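S.K.: Below: one structure in structure tokens.
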Amino acid sequence: MQRKSYLVSKHTVIDKAACPVIDAHNHLWGARSVEGIVKTMNEVGIVSYCDLTANVRIEFSNGGYQIGTGSIDDFIDNCTKPYPGRFYCFTMSNFASPVNKPLFEDEKHFVDECIATLQEHARLGAKGLKILKELGLHYYDNKGELIYCDDRRLAPVWEEAALLKMPVLIHQADPAGFFEQVTPENEHYQSLKKYPAWSFADPGFPRKNELLKRRDNLVRQHPDTVFILPHFANCAEDIHYVSDLLIRNPNVFIDFSARLDELGRQPYSAREFFIKHQDRILFGTDMPANIESSQEMYKTYFRFLETFDESFYSPDYDGTFDNARWPICGIGLPKEILKKIYHENVLNIIPSLKMEIKNINL
Ligand SMILES: [Zn+2]
């Protein structure tokens with residue numbers, strides 16, 4: 001329950017961001033109509049939107065979801081053709097697979113197919129490879145063993161991504177509370193009640209520190225592959241850990257999608273981090289852009305980055321403002337840093353995008 005606050009504080013309204021914005025982390029999950037998304041983008045100044053999972057279809061049910069294979073052609077027909085320059089995509093290649101069957105029977109066959117699909121999708125315009133958190137939590141091999149992201153059998157896939165100059169955006173682990181018991185003391189209690197499938201409190205799942213350790217091994221083992229670690233490398237509770245990771249691994253970038261709450265409750269450290277690592281941070285939201293609160297969602301991201309406003313609420317993981325955990329403060333970044341975060345950094349990692357969105361003033 002949120003208590004009433006009597007604080008009188010400043011509310012800076014930012015209708016459009018300080019410069020053009022690329023939302024480098026989002027999902028359409030096979031949605032056919034993107035009109036509502038384009039409308040939101042135009043209203044708040046999003047020049048381009050990345051669907052990370054263009055060859056995936058998802059069915060949502062019982063607070064969880066089921067992953068299925070979709071067609072990247074649908075993305076091309078629904079997004080890139082009608083709205084040139086406004087959408088780009090990543091592919092999951094053959095990782096777009098349901099979790100209720102082994103990821104592979106024969107690892108060599110899987111890896112070969114995965115590479116062939118990646119090459120084909122690159123030819124069709126996909127800009128990177130996306131790996132969902134299911135790798136390391138849910139995908140089993142033919143012997144019933146859990147497959148971790150640093151499994152050497154998968155190494156040729158990451159090497160191929162490097163050859164194709166496709167960044168790998170890999171989600172591993174989650175907020176610390178997702179691995180703790182779902183009790184009212186858990187700081188993510190409300191979200192975990194609403195989405196029970198997000199809880200990995202069951203000790204049958206690997207612990208968060210193991211997942212992070214293996215992910216950190218992975219990025220170290222493949223220095224020529226560019227890795228984007230979403231959600232503030234899923235360790236926003238420990239900014240110094242993420243700072244060290246970036247210092248040690250020049251091939252690593254992060255986005256801070258769905259982590260405004262974590263960052264905005266430690267605004268001094270967050271600001272210092274954003275200044276120090278200004279060339280390594282991408283803007284992304286990972287929240288629906290076609291619902292009633294979507295404009296407010298984007299504006300709150302801008303307010304966090306651009307102002308020193310205090311004690312305001314960030315959107316929850318699903319882009320609504322229903323379960324705000326605690327108030328946050330803005331980090332008031334200077335314009336030259338905002339420019340890097342809003343679009344320059346992602347264009348440096350994916351240079352071909354520059355050509356594609358050239359019609360839009362950057
Ligand atoms: Zn995501």
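S.K.: Would you please list the contacts, defined by Cβ atoms under 7 Å and residues six or more apart or on different chains, that run from a residue in the range 218-236 that is under 19 Å from residue 136 (Cα atoms) to a residue that is among the basic types (Lys, Arg) and within 16 Å of the ligand (Cβ to nearest atom)?
M.R.: 231/259; 232/259
S.K.: Right, something else. Go through the range 329-349 residue by residue and tally those that are under 15 Å from residue 21 (Cβ atoms) and in contact (Cβ under 8 Å) with a residue 40 or more places away in the chain. Quick ask: steps written out before the conclusion?
M.R.: Restricting attention to the range 329-349, the residues satisfying the condition of being under 15 Å from residue 21 (Cβ atoms) are 333, 335, 337-347.
Adding the requirement that they be in contact (Cβ under 8 Å) with a residue 40 or more places away in the chain leaves 333, 335, 337-343, 345-347.
Residues in the range 329-349 being under 15 Å from residue 21 (Cβ atoms) and in contact (Cβ under 8 Å) with a residue 40 or more places away in the chain: 12 in total.
S.K.: Can you tell me which residues in the range 303-315 are buried (at least 23 other Cβ atoms within 10 Å of the Cβ) and either part of a loop (DSSP other than H, G, I, E, B) or free of Cβ contacts under 8 Å to residues at least 24 places away in the same chain (or both)?
M.R.: 314, 315
S.K.: Would you confirm whether or not the range 335-342 contains a residue that is part of a loop (DSSP other than H, G, I, E, B) and either at pLDDT 95 or above or charged (D, E, K, R) (or both)? Before the answer, list the steps.
M.R.: Of the residues in the range 335-342, the ones part of a loop (DSSP other than H, G, I, E, B) are none.
Looking through the range 335-342, none of the residues is part of a loop (DSSP other than H, G, I, E, B) and either at pLDDT 95 or above or charged (D, E, K, R) (or both).
S.K.: Quick check, is residue 280 out of contact with any Gly (no Cβ under 9 Å at 6 or more places or on another chain) and away from the ligand (no atom under 16 Å from the Cβ)?
M.R.: When the stated conditions are applied, residue 280 passes them.
S.K.: Surrounded by 18 or more Cβ atoms within 10 Å (Cβ to Cβ), away from the ligand (no atom under 13 Å from the Cβ) and in a helix (DSSP H, G or I): does that describe residue 244?
M.R.: Judged against the criteria, residue 244 is not a match.
S.K.: Under 8 Å by Cβ, and 6 or more places apart or on different chains, what pairs join a residue from the range 33-55 that is more than 13 Å from residue 86 (Cβ to Cβ) with one that is among the basic types (Lys, Arg) and away from the ligand (no atom under 13 Å from the Cβ)?
M.R.: Matching pairs, first to second residue: 44/16; 44/299.
S.K.: Going by the conditions given, is residue 269 within 14 Å of the ligand (Cβ to nearest atom) and of a type in the set (Gly, Ala, Ser)?
M.R.: Values: within 14 Å of the ligand (Cβ to nearest atom): no; of a type in the set (Gly, Ala, Ser): yes.
Considered against the rule, which asks whether it is within 14 Å of the ligand (Cβ to nearest atom) and of a type in the set (Gly, Ala, Ser), residue 269 comes out as no.
S.K.: Can you tell me which residue within the range 10-29, out of those that are within 16 Å of the ligand (Cβ to nearest atom) and outside any strand (DSSP E or B), is surrounded by the fewest Cβ atoms within 10 Å (Cβ to Cβ)?
M.R.: Taking the range 10-29 and keeping what is within 16 Å of the ligand (Cβ to nearest atom), we get 22-29.
Those still in the list that are outside any strand (DSSP E or B) too: 27-29.
Details: 27: 20, 28: 28, 29: 18.
Across the range 10-29, the extreme among qualifying residues is 29.
S.K.: Does residue 7 qualify as being assigned to a loop (DSSP other than H, G, I, E, B) and buried (at least 22 other Cβ atoms within 10 Å of the Cβ)?
M.R.: Numbers: assigned to a loop (DSSP other than H, G, I, E, B): yes; buried (at least 22 other Cβ atoms within 10 Å of the Cβ): no.
It is false that residue 7 is assigned to a loop (DSSP other than H, G, I, E, B) and buried (at least 22 other Cβ atoms within 10 Å of the Cβ).
S.K.: Quick test for you: out of 289, 324, pick the one residue that is within 16 Å of the ligand (Cβ to nearest atom), closer than 23 Å to residue 234 by Cβ and either modelled with pLDDT under 95 or in a loop (DSSP other than H, G, I, E, B) (or both). Write out each step before concluding.
M.R.: On the way: 324 fails: within 16 Å of the ligand (Cβ to nearest atom).
The match here is 289.
S.K.: Additional query: In the range 14-58, which residues are in contact with a strand residue (DSSP E or B) (Cβ under 9 Å, 6 or more places away or on another chain), β-branched (Val, Ile, Thr) and within 22 Å of residue 302 (Cα to Cα)?
M.R.: Once the filter is applied, which keeps residues that are in contact with a strand residue (DSSP E or B) (Cβ under 9 Å, 6 or more places away or on another chain), β-branched (Val, Ile, Thr) and within 22 Å of residue 302 (Cα to Cα), the range 14-58 yields 21, 22, 37, 38, 40, 44, 46, 47.
S.K.: Step by step: first the residues of the range 59-89, then only those that are part of a helix (DSSP H, G or I) and touching a strand residue (DSSP E or B) at 6+ places or on another chain (Cβ under 8 Å), then the one that is farthest from residue 195 (Cα to Cα). Which residue is that?
M.R.: So in the range 59-89, the residues part of a helix (DSSP H, G or I) come out as 72-80.
Next, only the ones that are touching a strand residue (DSSP E or B) at 6+ places or on another chain (Cβ under 8 Å) stay: 72, 75, 79-80.
Working: 72: 28, 75: 27, 79: 29, 80: 32 Å.
That would be 80.
S.K.: Same structure, new question: Can you tell me which residue in the range 72-81 is nearest to residue 39 (Cα to Cα), limited to those that are surrounded by 13 or more Cβ atoms within 10 Å (Cβ to Cβ) and more than 16 Å from the ligand (Cβ to nearest atom)? Give the steps one after another, and end with the answer.
M.R.: Kept after step one, since they are surrounded by 13 or more Cβ atoms within 10 Å (Cβ to Cβ), are these residues of the range 72-81: 72, 74-76, 78-80.
Adding the requirement that they be more than 16 Å from the ligand (Cβ to nearest atom) leaves 72, 74, 76, 78-80.
Values: 72: 23, 74: 20, 76: 19, 78: 15, 79: 13, 80: 16 Å.
Checking each candidate, the answer is 79.
S.K.: Would it be correct to say that residue 300 is under 19 Å from residue 26 (Cα atoms) and assigned to a loop (DSSP other than H, G, I, E, B)? Step through it out loud before you land on a result.
M.R.: Working: under 19 Å from residue 26 (Cα atoms): yes; assigned to a loop (DSSP other than H, G, I, E, B): no.
In short, no.
S.K.: So, one more: Out of everything in the range 1-30 that is without any contact (Cβ under 8 Å) to a residue 60 or more places away in the chain and of a type outside the set (D, E, K, R), what residue ends up being farthest from residue 184 (Cα to Cα)?
M.R.: Restricting to residues being without any contact (Cβ under 8 Å) to a residue 60 or more places away in the chain and of a type outside the set (D, E, K, R), the top hit is 30.
S.K.: Is it the case that some residue within the range 248-255 is crowded, with 22+ Cβ neighbours inside 10 Å, among the aliphatic types (A, V, I, L, M), within 16 Å of the ligand (Cβ to nearest atom) and part of a strand (DSSP E or B)?
M.R.: Yes, some residue in the range 248-255 is crowded, with 22+ Cβ neighbours inside 10 Å, among the aliphatic types (A, V, I, L, M), within 16 Å of the ligand (Cβ to nearest atom) and part of a strand (DSSP E or B).
S.K.: If we keep just the residues of the range 30-58 that are in a strand (DSSP E or B) and at pLDDT below 95, which is surrounded by the most Cβ atoms within 10 Å (Cβ to Cβ)?
M.R.: Quick first cut of the range 30-58, residues in a strand (DSSP E or B) only: 46-51, 56-58.
Right, trim to at pLDDT below 95 and you get 56-58.
Working: 56: 25, 57: 17, 58: 18.
By that ranking, first place goes to 56.
The values are calculated or read from the model by the stated rules, or taken from the named source; none is laboratory data. Here the structure is a predicted model, which is why all the values come from computation and not from measurement. Cβ: placed from backbone, ideal geometry, glycine included. Neighbour counts: every protein chain shown.
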